[in-house]
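These notes are about the structure you will find just below.
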Amino acid sequence: MKKFFLVILAVLVITGFTAAKSEATLLCYSFDGFSDIVKVSVTSVDGQKVVAGAWYAPLTYNFPVIGSVVKDNLANRISGLQAATNGYIGLQQGVLNIVIDPITKNGTYNYYMTPGPLTGTGTLTKVSCVAAPKPFSTGQSSIEAALANK
């Protein structure tokens, strides 16, 4: 009986570790008309979808971001991605919100950076993470464009 109990306990422990392990989904979006890329990994933790990754404009900036995914009617909303700007051009912090269309997988974005405030809105296109420009490519960023229009 003791041996049977130990076998059952071992199966439960192994099954528990396997069930607790979650697979991350990597998503990449480009800001239409700009060089900005949002590259995030979505992981499910206790029923909540946690997002972590980077918002970057090649050769310009590379901000770490963290946030969550929530259902908003039919669309998925990557909500409140907190961007640590590390003092880039005097910016202290930023929030990036993304809404993804469930059919096209493309979406819209808006951001708010402080101090300033510096804001921007636009559309996103889902891109292959392999084909997406890397942080050391070239192009004008949405933040540079917003600064030029201020």
**Asked** Would you pick out the residues in the range 23-75 that are part of a strand (DSSP E or B), more than 16 Å from I98 (Cα to Cα) and of a type in the set (G, A, S)?
**Response** S44, A57
**Complete:** If we keep only residues of the range 69-81 that are touching a Gly at 6+ places or on another chain (Cβ under 7 Å) and closer than 19 Å to L26 by Cβ, then the residue modelled with the lowest pLDDT is S79
**Prompt:** Name the residues in the range 103-150 that are basic (K, R) and at pLDDT 85 or above, would you?
**Reply:** K105, K126
**Asked** Does S68 satisfy the condition of being over 17 Å from K134 (Cβ atoms) and within 12 Å of the chain's Cα centre (by Cα)?
**Response** yes
**Fill in**
Those residues of the range 121-136 which are assigned to a strand (DSSP E or B) and either in contact with a His (Cβ under 6 Å, 6 or more places away or on another chain) or within 15 Å of Y56 (Cβ to Cβ) (or both) amount to L124
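The values are calculated or read from the model by the stated rules, or taken from the named source; none is laboratory data. Please read these numbers as outputs of a predicted model, since none were measured by experiment. FYI the Cβ positions are ideal-geometry reconstructions off the backbone, even for glycines, and counts take in every protein chain you see.
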